[in-house]
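Visitor: Here's a structure for you.
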Amino acid sequence: MFSNIYNGGNVPRSSKYTLTVTTTPMGGGTVSRFSLIKHRVRKFGAACSAIACQRGGINDPRFKRVPANIIFNNMKIIVAQTAGFCMGVKRAVDRALELSDDKSGPTWTLGPLIHNKQTTDMLRQRGVSALDENSPPNAPATLLIRAHGVPPDVMERYKSAGYDIADGTCPKVKAVHNVIERYRRDGYSIVITGDEGHAEVIGLLGYAGDSGYLIQKPDDVDGLPPLGKICLVSQTTFGTELFDLIAARLRERFAGSVIAVKKTICSATDERQEEAKRIAQSVDAVIVVGGKNSANTQRLVQIARECGTHTQAVETEDEIDWEPLRGCKTVGVTAGASTPNWMIKRVCDHLLLLSRTKGKNSMGAFMRLFDIMANLNLFVSSGAVAAYYASCAIQGVKFSIAGGVIALFYFISVYLWNSLTSIENTLHLDISKYRFYNKYPKLLLLLSGASTLAVLVTAFLINRSTFYLMLFAAAAGSAYHITLVPKGLRGLFPYKSMKDIPTSRDLFVALAWATILTFLPQTIGGAAKIVPSTLAAFAVVFILSFIRSLIFDLRDIEGDRIMGRETLITIIGETRARKALLIMIWACVGLLAISPAVMGLTAYRYAGTLRYLFQIPALVYAAVFVRLNAGIRPNHSALFCLLADAIFYLAALGALAAEILVKR
Ligand code: SF4
């Protein structure tokens, strides 16, 4: 059947289409029109068995035959760089989390901090709620000013009522306040473009006082009274084009007056909308994540739909309607300014999960298996085996398979146990893992116990010292989450378990890795002794595992903040932590590079120094990884785990290469 479909609006229903393009060029806008038609065809559940490029017909060299199941298997998710919190909202939410960590009392905001139910629910649980002005709290508490800002008299009123004011006003909004104050002092009338009743506009009008006038469209200029000197400013989220039209009309009407036009529009909104448009034009479907009552989220939905791309607006991953996405090759994900990154990540993770579980094909099954391996911590556990190999090589001890098995099962059991006991932490970080652990808690507990048993039995069969080492390691690994300090003693020691000690996780984890993987080769060999190569192996394993922990902390910073967990990264902040981590890595590279000179070739044989030098690639890889993943939202948790754990695989490869060279 031949159909002439130009806009995709009247695609007849059928189970199968061959979608090609006529040899007549379709002119401007062809790509988006083609994508619109393609989408309409798919909407009816039909497979597009052939897709042609726009200029030629069936003979065009770029003509591609794309079987529907391949498209389905290879669903690619493009996440907008601008998706999620803008700087001002992020700053206000971070401030709210900081205040909630400081347990001195509740924190109130004037109106919801952001238009996102999941985030406001989470903040409410942590003691940050919107103030009901009709029944304010008896005891004055902390009042957090939202990113929109408030009029100065409101700020003063709460200050004199005894509230502790935490100013979360966005610096860009604050800059508009400053402009208004300066020009008002100089005798200017302040004309503000913005939406009537918007919290930010109320604040701006408060700063303008009697000199302020609010207008929303060019025609409103005619309604202004005669004015002398005029300063035109804008609500930060106002439309640029509309502002320019209003400015032109103002200049026209007040031609003889001094007019200072201050285009105080924040670029964040424009950039987000531009990117949403670009993405919508190049993908098969768009998912916009954000609150139903968030105006900027709804605007993104509208923009994407205007591009003719199938668009879904979701608040959480559970609202994704899979059927229309079936067969989509590329899905774009963007989000409003009040959507947290953890929710964007959850939506992406869930999309990938759906694309694997809903399709009965080998690639989907393989990717699902990949996820299960990550959820069972198999990548990090095999990384431990690799680090064990490197440790053996650095110490000049023969690698034993039994030792590798012990390392593998020990780390499986400990990571499983710790994941099970802190599963609520992954709710904001890794939805696939969260669901997996909630689905099979008993089975995973059993697996963890069986792994510990396997470790202890194997160690016992080797010798006593290996058994005692692993018994101690198993006890220490399980004790991390257990309450150790009774209530009565908390006055002396304020932390109830080891995990509550600030920054404990990274240090304890690295210490555990280094201790076990350094001494395991020695106990298996029969005697534990501390010689310089023991210290070198300890240092290498400690540094590699510490770097790995920090890499995960960088990924999890938002979730850790939400859970109130104090890691090194949450304490010193992401930017500084990233820099510190890079400095640490390069310092280690430097130390390894000069190790032959420092240690002296006479004290250490050539083979020894080569083993240290060959650990440098693992560190360089870590530096590149830390550098490249800055600002990138990982939307594939399993792949992230594999890439992060590759540090250990490279350490083992380095050790292997050194061994081969030494033996030559
Ligand atoms: S949109 Fe711009 S001005 Fe408004 S809060 Fe975000 S960063 Fe600040």
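The values are calculated or read from the model by the stated rules, or taken from the named source; none is laboratory data. Since this is a predicted model, take the numbers as computed values, not measurements. Cβ placement follows ideal geometry from the backbone for every residue including glycine, while neighbour counts extend to all protein chains displayed.
Visitor: Could you check Ala260 against (1) out of contact with any Cys (no Cβ under 7 Å at 6 or more places or on another chain); (2) surrounded by fewer than 19 Cβ atoms within 10 Å (Cβ to Cβ) and say which number it fails?
Guide: (1)
Visitor: Here is a follow-up. Got at least one residue in region 121-141 being closer than 24 Å to Phe85 by Cβ and within 15 Å of the ligand (Cβ to nearest atom)? Write out each step before concluding.
Guide: Kept after step one, since they are closer than 24 Å to Phe85 by Cβ, are these residues of region 121-141: 121-131.
Remaining after also requiring within 15 Å of the ligand (Cβ to nearest atom): none.
No, every residue in region 121-141 fails to be closer than 24 Å to Phe85 by Cβ and within 15 Å of the ligand (Cβ to nearest atom).
Visitor: If a residue has to be surrounded by 20 or more Cβ atoms within 10 Å (Cβ to Cβ) and among the polar types (S, T, N, Q) to count, how many in region 237-253 make the cut?
Guide: 1
Visitor: Here's another thing I want to ask about it. Does at least one position in region 325-333 carry a residue that is out of contact with any strand residue (DSSP E or B) (no Cβ under 8 Å at 6 or more places or on another chain), part of a helix (DSSP H, G or I) and of a type in the set (D, E, K, R)?
Guide: Checked region 325-333: no residue is out of contact with any strand residue (DSSP E or B) (no Cβ under 8 Å at 6 or more places or on another chain), part of a helix (DSSP H, G or I) and of a type in the set (D, E, K, R).
Visitor: Go through region 268-288 and report how many residues are in contact with a His (Cβ under 9 Å, 6 or more places away or on another chain) and either under 17 Å from Gln298 (Cβ atoms) or without any contact (Cβ under 8 Å) to a residue 60 or more places away in the chain (or both).
Guide: Number satisfying all stated conditions: 1.
Visitor: Could you check Ile585 against (1) in a loop (DSSP other than H, G, I, E, B); (2) modelled with pLDDT of 85 or more and say which number it fails?
Guide: Tallying (1) in a loop (DSSP other than H, G, I, E, B); (2) modelled with pLDDT of 85 or more, Ile585 fails exactly one: (1).
Visitor: Looking at region 288-325 only, could you name the residues that are of a type outside the set (Val, Ile, Thr) and within 16 Å of the ligand (Cβ to nearest atom)?
Guide: Selection gives Gly290, Gly291, Ser294, Ala295, Asn296, Gln298, Arg299, Leu300.
Visitor: Something else about it: All but one of (1) within 22 Å of the chain's Cα centre (by Cα); (2) in contact (Cβ under 8 Å) with a residue 40 or more places away in the chain hold for Pro324; state the number of the condition that does not hold.
Guide: (1)
Visitor: When both residues are 6+ apart or on different chains and their Cβ atoms are under 6 Å apart, which pairs have a first residue that lies in region 74-95 and is within 20 Å of Ile114 (Cβ to Cβ) and in a strand (DSSP E or B), and a second that is of a type in the set (A, V, I, L, M) and away from the ligand (no atom under 16 Å from the Cβ)?
Guide: Once the first residue is within 20 Å of Ile114 (Cβ to Cβ) and in a strand (DSSP E or B) and sits in region 74-95, its partners that are of a type in the set (A, V, I, L, M) and away from the ligand (no atom under 16 Å from the Cβ) give Val79/Val333.
Visitor: Here is a follow-up. Quick check: is even one residue across region 84-98 more than 16 Å from the ligand (Cβ to nearest atom) and either modelled with pLDDT of 75 or more or outside the structural domain of Met343 (by TED's automatic domain parsing) (or both)?
Guide: Scanning region 84-98, I find at least one residue that is more than 16 Å from the ligand (Cβ to nearest atom) and either modelled with pLDDT of 75 or more or outside the structural domain of Met343 (by TED's automatic domain parsing) (or both), so the answer is yes.
Visitor: In addition: Kindly provide the set of residues from region 171-195 that are within 15 Å of the ligand (Cβ to nearest atom) and touching a Cys at 6+ places or on another chain (Cβ under 8 Å), ordered by number.
Guide: Listed by number, the residues that qualify are Lys172, Val179, Ile180.
Visitor: A further question on this structure: Out of region 328-350, which residues are crowded, with 24+ Cβ neighbours inside 10 Å and within 16 Å of the ligand (Cβ to nearest atom)?
Guide: Within region 328-350, Thr334, Ala335, Gly336, Ala337, Ser338, Thr339, Pro340 meet the criteria.
Visitor: Please determine whether any residue of region 478-500 is at pLDDT 90 or above and more than 26 Å from Ile557 (Cβ to Cβ).
Guide: Checked against the condition, which is being at pLDDT 90 or above and more than 26 Å from Ile557 (Cβ to Cβ), region 478-500 yields no hits at all.
Visitor: Sticking with this one: Collect the residues in region 113-129 that are part of a helix (DSSP H, G or I) and more than 19 Å from Ala335 (Cα to Cα), keeping them in residue-number order. Spell out the reasoning first.
Guide: First, pick out the residues of region 113-129 that are part of a helix (DSSP H, G or I): 117-125.
The answer is Leu123, Arg124, Gln125.
Visitor: Mind checking whether some residue in region 244-261 is among the hydrophobic types (A, V, I, L, M, F, W, C) and modelled with pLDDT under 90? It would help to see each step written out before you state the result.
Guide: Going residue by residue through region 244-261, those that are among the hydrophobic types (A, V, I, L, M, F, W, C) are 245-248, 250, 254-255, 258-261.
Remaining after also requiring modelled with pLDDT under 90: none.
Within region 244-261, not a single residue is among the hydrophobic types (A, V, I, L, M, F, W, C) and modelled with pLDDT under 90.
Visitor: Kindly indicate which of Ala175, Ala208, Ala199 is touching a strand residue (DSSP E or B) at 6+ places or on another chain (Cβ under 6 Å) and either of a type in the set (Gly, Ala, Ser) or outside the structural domain of Leu113 (by TED's automatic domain parsing) (or both).
Guide: The conditions single out Ala208.
Visitor: Please work out which residue is farthest from the chain's Cα centre (by Cα), limiting yourself to region 147-170 and to residues that are more than 16 Å from Thr107 (Cα to Cα) and more than 16 Å from the ligand (Cβ to nearest atom).
Guide: Quick first cut of region 147-170, residues more than 16 Å from Thr107 (Cα to Cα) only: 148-154, 156-157, 160, 170.
From what is left, the residues that are more than 16 Å from the ligand (Cβ to nearest atom) are 151-154, 156-157, 160.
On the way: Pro151: 34, Pro152: 36, Asp153: 38, Val154: 35, Glu156: 37, Arg157: 38, Ser160: 40 Å.
The residue in question is Ser160.
Visitor: Would you kindly identify the strands (runs of 3 or more DSSP E) lying entirely within region 201-287 that contain at least 1 residues that are within 16 Å of the ligand (Cβ to nearest atom)? It would help to see each step written out before you state the result.
Guide: On the way: elements: 212-215, 230-234, 259-261.
Counting at least 1 such residues, we get 230-234.
Visitor: For a quick check of your reading of the model, give me the residue pairs whose first member lies in region 196-211 and is more than 13 Å from Val176 (Cα to Cα) and in contact (Cβ under 8 Å) with a residue 24 or more places away in the chain, whose second is within 16 Å of the ligand (Cβ to nearest atom) and not acidic (Asp, Glu), with beta-carbon atoms closer than 7 Å and at least 6 apart or on different chains.
Guide: Close Cβ pairs satisfying both conditions: His198/Gln235; Ala199/Gly111; Ala199/Arg146; Ala199/His148.
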